[in-house]
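Since the structure comes first, as structure tokens, the remarks are kept for the end.
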Amino acid sequence: MEFTIFSILDLLGTFAFAVSGASQAMKKQFDVFGVFVLAFVTAIGGGTLRDIMLGDTPVGWMHDSILISVIIVAAGLTILFSPVINKLNFYVYIFDALGLGLFTMAGIQSGIDHDLSIFICIALGMISATFGGLIRDIITGEKPMLLTRKEIYALACALGGIVYFALRALSVPEEISVPATIVVVFLVRHLTFRFGIRLPTFGG
């Protein structure tokens, strides 16, 4: 496997979302097999949809043993250290927010590699970052954060994408713009959650 910015972001995002999925599974008292299954679908859900939309088939995880290994290790570590985790909800949230930023940038990078427009690149970032969590929430019976007004989720990805392309237009080096984008997504997600900021709604 050739390690590029895209592949490294994909691996880091995969690890973060696998931990998020495994933690949620333990919170819902899944058995060991269920923990690994939920870690897997959470980690690869968004990336799978992204690859299918781009015509990159077989999708990444089907021919990448490193990606599968990362998911297994992440789920295993989550199980191993679960006895010392007192605030499981916060644990799930932190890794979910981290994965959101990492997969947003990975999706954007994938769009750039295919010479797609800025709008499509940002959309791919949002899809990569949110659909794994959507699948996780549906399986565990939670209200999907992507589809409710409870928390700002996809908007954080979009704002991160806007920041990235603004920095890119200013010729800011990738070494700065990429981590800055990840941090922006994480901070928007965290601060809006921390201070209870919500999007306006319409109707009854």
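Odds and ends about this structure:
- Test: residue in the range 31-48 that is modelled with pLDDT under 95, among the aromatic types (F, W, Y) and on the phi < 0 side of the Ramachandran plot: no
- S128 vs. criteria in contact with a Ser or Thr (Cβ under 9 Å, 6 or more places away or on another chain) and not basic (K, R): yes
- Failed criterion for I118 (all others in (1) out of contact with any Gly (no Cβ under 7 Å at 6 or more places or on another chain); (2) at pLDDT 95 or above; (3) within 18 Å of R189 (Cα to Cα); (4) of a type outside the set (S, T, N, Q) hold): (3)
- As a summary of the residue check, K150 satisfies the conditions (1) surrounded by fewer than 16 Cβ atoms within 10 Å (Cβ to Cβ); (2) farther than 16 Å from M26 by Cβ; (3) modelled with pLDDT of 90 or more except for the one numbered (3).
- A180 falls short on exactly one of the conditions (1) of a type outside the set (V, I, T); (2) assigned to a helix (DSSP H, G or I); (3) free of Cβ contacts under 8 Å to residues at least 12 places away in the same chain, and that condition is (3).
- Filter result (touching a residue at least 40 places away in the same chain (Cβ under 8 Å) and either of a type outside the set (D, E, K, R) or surrounded by fewer than 24 Cβ atoms within 10 Å (Cβ to Cβ) (or both)) within the range 121-136: C121, I122, L124, I127, S128, A129, T130, F131, G132, G133, L134, I135
- Filter pass, T181 being surrounded by 17 or more Cβ atoms within 10 Å (Cβ to Cβ) and over 30 Å from T4 (Cα atoms): no
- F131 meets each of the listed conditions (1) part of a helix (DSSP H, G or I); (2) more than 13 Å from D96 (Cα to Cα) apart from (2).
- Number of positions in the range 17-55 that are of a type in the set (A, V, I, L, M, F, W, C) and more than 18 Å from I139 (Cβ to Cβ): 3
The values are calculated or read from the model by the stated rules, or taken from the named source; none is laboratory data. Since the model is a prediction, treat every value here as computed from it, not as a measurement. Glycine gets a Cβ as well: all are built from the backbone with ideal geometry, and neighbour counts include every protein chain shown.
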